[in-house]
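A.B. asks: Here it is, the structure, as structure tokens.
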């Protein structure tokens, strides 16, 4: 499957060669038919039976792989007009069909994982892949393999030195959410620093970390104590000069509520959307000044994070002779920072 669908982008020649073969015929069939002096598929088939058979066979293979909406190619259309970019169009159709079939065949937790691993930039950490245990751990997670052995217990260590000791599930869900050793906060802080540094590098604007905004403080209903509003990154809008606050959050789709789990299993990006909505509820008085940079633990970014990278990339290009390299660099940095943090949580839980 494609990286943006949660895969590794290695479709393989047996699956894609029929798309390439058909794409070439969609481009040249009009010229071939004109050269042969034919205007119907039946006449072409009679004059060139071997070629016609190969074209029909490729058409059936494309159908078998989920392209062409289940119907054979109508060769009259490319006979009358050259049609470009059909290879990528057929590949996209097949990818969408195969992903739909895969998601329908999975349990809700596994479907959540596949969706978490998709989205823009989520697979950027794969290129170039560093040959280390962190990368191998993240790769196993992306392929839905077990990352924790049977009967293992969490070896995250609390501040008093006592081990967490909770049972580890095979997919490492406890490990990447366990806060005992402070590694969840470390992952968050690394992403916070990345967002602030990226904003400064691309826009030239300074930022402040962990900025207290007193007017957004809230009162705990349970204890009655004041909960300070501390935002990860405080800066300003380069166009208007108004204050902007970026706040990073990483949520995992896995949860104990079956209805929430089912909803997240059926919809791309629902977990990131839930995380962003939670931030906006918490800072209800912030309005447009608050930008929640939400990520799903598998790597799928929320809409605000996608827009953040676009703004940074555009600001960089505007001052560097339309250099668009910042987009790819930012996605790679974001994806790698997140996945490195995930791997640290899993490896530390295993005592590795």
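A.B. asks: Could you please find all residues in region 127-172 being outside any loop (DSSP other than H, G, I, E, B) and either farther than 25 Å from residue 327 by Cα or out of contact with any helix residue (DSSP H, G or I) (no Cβ under 7 Å at 6 or more places or on another chain) (or both)? Quick ask: steps written out before the conclusion?
C.D. replies: Narrowing region 127-172 to residues outside any loop (DSSP other than H, G, I, E, B): 133-142, 153, 157, 163, 167.
If the condition is that a residue be outside any loop (DSSP other than H, G, I, E, B) and either farther than 25 Å from residue 327 by Cα or out of contact with any helix residue (DSSP H, G or I) (no Cβ under 7 Å at 6 or more places or on another chain) (or both), then 133, 135, 136, 137, 139, 140, 141, 142, 153, 157, 163, 167 are the ones that fit.
A.B. asks: Residues of region 324-340 being in contact with a helix residue (DSSP H, G or I) (Cβ under 6 Å, 6 or more places away or on another chain) and surrounded by fewer than 16 Cβ atoms within 10 Å (Cβ to Cβ), which ones?
C.D. replies: 324 - this is the single residue of region 324-340 that is in contact with a helix residue (DSSP H, G or I) (Cβ under 6 Å, 6 or more places away or on another chain) and surrounded by fewer than 16 Cβ atoms within 10 Å (Cβ to Cβ).
A.B. asks: So is residue 179 without any contact (Cβ under 8 Å) to a residue 40 or more places away in the chain, under 27 Å from the mean Cα position of the chain (by Cα) and under 21 Å from residue 289 (Cβ atoms) or not? Give the steps one after another, and end with the answer.
C.D. replies: Numbers: without any contact (Cβ under 8 Å) to a residue 40 or more places away in the chain: yes; under 27 Å from the mean Cα position of the chain (by Cα): yes; under 21 Å from residue 289 (Cβ atoms): no.
Against the criterion (without any contact (Cβ under 8 Å) to a residue 40 or more places away in the chain, under 27 Å from the mean Cα position of the chain (by Cα) and under 21 Å from residue 289 (Cβ atoms)), residue 179 does not qualify.
A.B. asks: Mind listing whichever residues of region 198-223 are assigned to a helix (DSSP H, G or I) and either over 16 Å from residue 238 (Cβ atoms) or not assigned by TED's automatic domain parsing to the domain that holds residue 246 (or both)?
C.D. replies: Residues of region 198-223 assigned to a helix (DSSP H, G or I): 198-203, 214-216.
The answer is 214, 215, 216.
A.B. asks: Follow-up. Across region 214-252, what is the total count of residues that are farther than 19 Å from residue 319 by Cα, touching a residue at least 60 places away in the same chain (Cβ under 8 Å) and more than 25 Å from the chain's Cα centre (by Cα)?
C.D. replies: 3
A.B. asks: What residue, of 31, 117, is under 30 Å from residue 271 (Cβ atoms) and in contact (Cβ under 8 Å) with a residue 24 or more places away in the chain? If you could, list the steps in order and put the result at the bottom.
C.D. replies: Details: 31 fails: under 30 Å from residue 271 (Cβ atoms).
Result of the check over 31, 117: 117.
A.B. asks: Now for a different question. Please state which one of 230, 187 is at pLDDT 95 or above, over 20 Å from residue 252 (Cβ atoms) and in contact with a strand residue (DSSP E or B) (Cβ under 9 Å, 6 or more places away or on another chain). Before the answer, list the steps.
C.D. replies: Details: 187 fails: over 20 Å from residue 252 (Cβ atoms).
Within the list 230, 187, the selection yields 230.
A.B. asks: Tell me, which residue of region 46-89 that is without any contact (Cβ under 8 Å) to a residue 12 or more places away in the chain and not in a helix (DSSP H, G or I) is farthest from residue 22 (Cα to Cα)?
C.D. replies: So, considering only residues that are without any contact (Cβ under 8 Å) to a residue 12 or more places away in the chain and not in a helix (DSSP H, G or I), the one farthest from residue 22 (Cα to Cα) is 71.
A.B. asks: Another question, if that's okay. Of the residues 265, 275, 317, which single one is surrounded by 13 or more Cβ atoms within 10 Å (Cβ to Cβ), in a helix (DSSP H, G or I) and out of contact with any helix residue (DSSP H, G or I) (no Cβ under 9 Å at 6 or more places or on another chain)?
C.D. replies: Details: 265 fails: out of contact with any helix residue (DSSP H, G or I) (no Cβ under 9 Å at 6 or more places or on another chain); 317 fails: out of contact with any helix residue (DSSP H, G or I) (no Cβ under 9 Å at 6 or more places or on another chain).
The conditions single out 275.
A.B. asks: From the list 265, 294, which one is under 16 Å from the mean Cα position of the chain (by Cα), more than 22 Å from residue 96 (Cα to Cα) and modelled with pLDDT of 95 or more? Steps first, please.
C.D. replies: On the way: 265 fails: more than 22 Å from residue 96 (Cα to Cα).
Unique residue meeting the criteria: 294.
A.B. asks: Any residue in region 101-110 that is assigned to a loop (DSSP other than H, G, I, E, B), within 30 Å of residue 172 (Cα to Cα), within 17 Å of the chain's Cα centre (by Cα) and not assigned by TED's automatic domain parsing to the domain that holds residue 332?
C.D. replies: Filtering region 101-110 for residues assigned to a loop (DSSP other than H, G, I, E, B) gives 106-107.
Now drop any that are not within 30 Å of residue 172 (Cα to Cα), which leaves 106-107.
After this cut, where a residue has to be within 17 Å of the chain's Cα centre (by Cα) as well, the list is none.
No, there is no match, as no residue in region 101-110 is assigned to a loop (DSSP other than H, G, I, E, B), within 30 Å of residue 172 (Cα to Cα), within 17 Å of the chain's Cα centre (by Cα) and not assigned by TED's automatic domain parsing to the domain that holds residue 332.
A.B. asks: Taking the criterion of being surrounded by 13 or more Cβ atoms within 10 Å (Cβ to Cβ), touching a strand residue (DSSP E or B) at 6+ places or on another chain (Cβ under 7 Å) and within 13 Å of residue 191 (Cβ to Cβ), would at least one residue in region 341-352 satisfy it?
C.D. replies: Restricting attention to region 341-352, the residues satisfying the condition of being surrounded by 13 or more Cβ atoms within 10 Å (Cβ to Cβ) are 341-350.
Of the ones still in play, those that are also touching a strand residue (DSSP E or B) at 6+ places or on another chain (Cβ under 7 Å) are none.
No - not one qualifying residue is present in region 341-352.
The values are calculated or read from the model by the stated rules, or taken from the named source; none is laboratory data. Computed from a predicted model, the values in this text were never measured in an experiment. Here the Cβ is made from the backbone with ideal geometry for all residues, glycine too, and neighbour counts use every protein chain on show.
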